[in-house]
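Below: one structure, written as structure tokens.
The values are calculated or read from the model by the stated rules, or taken from the named source; none is laboratory data. What you are looking at is a predicted structure, and each value in this text was computed from that prediction instead of being measured. Note that we place each Cβ from the backbone using ideal geometry, even for glycine, and neighbour counts take in every protein chain shown. Accessible surface is based on the protein model in full, side chains and every heavy atom, while ligands, DNA and RNA are left aside. Shrake-Rupley method; radii C 1.70, N 1.55, O 1.52, S 1.80 Å.
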Amino acid sequence: MSEIDTSTEKRENPFFQPFGTLHDTYPFDRIRLEDFEEAFMEGIRRDKEQIEKTINNPEKPTFDNTIINIDDDPFYYGLLDRVSTVFYNLLGAETSDEMDALAQKLEPILSQHANDVLLNEKLFERIKYVHHHHRKLTPEEKRLLDNAYEGFTRNGALLNEDDKARLRSLNEESSMLSLQFSQNLRKERHAFVLHLTDPNDLDGLPERVKETAAQEAKDRNLEGWAFTLDAPSYGPFMKYSTRRELRKQLYMASNSLGTHPNSENNVEICRRIVNLKRERAQLLGFKCFADFVMKWRMASSTKNVYHLFDQLLEAYKPAAERERREVEKMARKTEGRQFKLEPWDFGHYSYLLQMEKYDIDSEMLRPYFELSKVIEGVFGLANRLYGITFKENPDITVYHPDVKAYEVFDKDGSYLAVFYADFHPRKGKQGGAWMTSYHSQYINRKGENIRPHVSVVMNFTKPTESSPSLLSLGEVETFLHEFGHSLHGMFANTRFASMSGTNVWWDFVELPSQFMENYAIEKDFLRMFAYHYQTGEPLPDELIEKIVKSRNFQAAYGCIRQVSFGLLDMAYYTLRDELKEDIIEFEQKAWQRAQIFPTVPGTCLTTQFSHIMAGGYSAGYYSYKWAEVLEADAFSVFKKNGIFDRATAQRFRDEILSRGGTEHPMTLYKRFRGCEPTIDALIRRNGIRRPRNSKNTKK
């Protein structure tokens, strides 16, 4: 994105005119910071103009003149969507202090506009009329109409005027607090650095890790080595460092974000967000926010979510506790019988245990996972499954030099999508990994299938002066995960954009992504791309066998950790009364039955739990485990028919990936699978023994 233009030369805002780019991609090289506010204001004005046209239409309300407005100019009236898409994607991937300030300024304006639309009585009356009196609709049209009607009722359309005013206030405050939460977290995360100058403090660290830390220090104009809270820096230090006090220092910094007495403190923000969501749900007639959420989820009720947690705790917790004891035994063998294992020790001694049991470590694998080869492997997997191909195109402009842009072509050679990939951490990027869309697929009024533009954003190990970007196996899995989301977007083939791609219920959206992770430990996949970046030698069969044998190392511990996060989420959002309790005390009680370690004083997950405080996973974090049951069951079909079986892959594409949110998720899944899923495939895959008297319950 270009810098702010300080010249007096008159120029037209690029959002106001056709882009004239290949596949109508965003012209990031022409977009400047000052363009956003002008485009947002004009987009809001055009939105209001379209609504006025709709509600003042003298014709009887119909599906065509009220729900889809087929006579309106999609470019003219799509301005707000275009500018919002770019702005909020960049706010996560390439922000600045100026953008953050603009977001703070715009948030109440945009929230007010959203409320103006969703609480517009005349518009809702037309939608309600169509909902009760409409022509014969296709199943997809009917779902769009139901979504529109439910969207308004779930946002207060049936409330009285006093309650609408209260709802409007709740919405506006909630949106501002979620934005502030994210900005606080990003600022505090990036402000921390563990700066080391004594070479002895690097004991245990592989050369690659030290070299990366030296480069980080150099980038910060520091001597020595610098470690940050970004995953490629934090994870290796916690795993390899023999310096226990430094591990503790880094652990405490990472696990206390948002709790400090400074301007980035998120404690009261979290409490307020939880209370706002509860009050909003109760205003709409629900007992708690989770009940409000479950109405549009596969789980359908909090009872079913807790039933899943109960099943997982019963099956996995005994094994997770055994895994912890194993690590403690390993630590005491090294440090002495009186050694007490703490959370900042777990990663290090788990690594030593893994080496003892399987003689395998991610550093052994990194030379075989050079990023460009991993990209070829992931793209090659998509080609073997679905026949699609990727071609990098430097003529497609990007928002940062790190980003690569690809054209994607279907098996018949036709254009399918644009795919952006943004791999490495930097100052203006949020932590973590995600997939997003710049342009959703839909079929326009001329019958043209408008293809999507999707993006994956990650924070992988950066290249150094002496080596390219070499990934861990975990980073390969992350790539596959986000790529699975992108396939969901790229294969979209629906009439309406609001139901295409990943626009599905939250506890279904992780199925395509977690499904792809299965390939990370499949021999035939690894043999497609895993070659040593220096010698060109393929990943030895011996190492592949070790990867496969160690696949379930601490699987139970990982499962229970996820369950603990889900329990915390549900505890907040099943509250029926105001949250007044201390956040840290509440957190400890909420996930107590899933804790393997005692809580460390001074730590808190809530204040950095973006998924449930500023993302779409409030009362929905269980979705990861719910979807894991689905994907394990789905992948068992591929294991039976062949992991690259084209016929099975085509059915998965046709029945799940291409259908978006056009039908109930279980309908789509059963059409692919032939039956509902059970927990059995997941338990078998993880090598967990089902407890006696445990019931096999379908989801």
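Just a few scattered comments:
- Since only Thr302, Met570, Leu250 are under comparison, the one whose Cα sits farthest along the positive direction of the charge dipole of the chain, derived from C-beta charges on Lys, Arg, Asp and Glu, is Thr302.
- Packing here is the average count of other Cβ atoms within 10 Å per residue, and on that basis the peptides 102-108, 441-447, highest first, run 102-108, 441-447.
- Shape category assigned to the chain from the gyration tensor of Cα positions, a/c cut at 1.5: rounded
- Charged neighbours of Ala191, selected by a Cβ distance under 12 Å, balance to +3 (K, R count +1; D, E count -1).
- In the full protein context, segment 541-657 carries 38 Å² of accessible surface per residue, based on a 1.4 Å probe and ignoring ligands, DNA and RNA.
- All aspartates and glutamates inside 12 Å of Lys128 as judged from Cα atoms, apart from same-chain residues fewer than 8 positions distant: Asp146, Glu150
- Out-of-range pairs (alpha-carbon distance over 20 Å; input Lys218/Lys427; Lys210/Lys239; Lys391/Lys429; Lys549/Lys625): Lys391/Lys429; Lys549/Lys625
- Peptides 581-589, 22-30, 251-259 ordered by average Cβ neighbours within 10 Å, highest first: 251-259, 22-30, 581-589
- Within straight-line reach of Lys105, meaning a Cα separation under 17 Å, there are no lysines at least 8 residues removed in sequence or on another chain.
- Within the accessible surface of segment 317-395, defined with a 1.4 Å probe on protein heavy atoms only, the carbon and sulfur portion equals 45 percent.
- Proximal aspartates and glutamates to Lys248, defined as alpha-carbon separation beneath 12 angstrom and excluding residues fewer than eight positions away on the same chain: Glu342, Asp345
- Heavy-atom accessible surface of segment 523-678: percent carbon and sulfur, 1.4 Å: 45 percent
- Fraction of accessible area attributable to carbon and sulfur, segment 51-163 (%, probe 1.4 Å): 53 percent
- Each Lys and Arg contributes +1 and each Asp and Glu -1, all at the Cβ; summed about the Cα centre of the chain, the dipole is approximately 2940 debye.
- Its Cα gyration tensor gives segment 452-566 an equivalent ellipsoid, and the semi-axes of that ellipsoid, as √(5λ) in whole Å with the largest first, are 29, 20, 14.
- Accessible area (Å², per residue) of segment 243-366, counting only protein heavy atoms and a probe of 1.4 Å: 45 Å²
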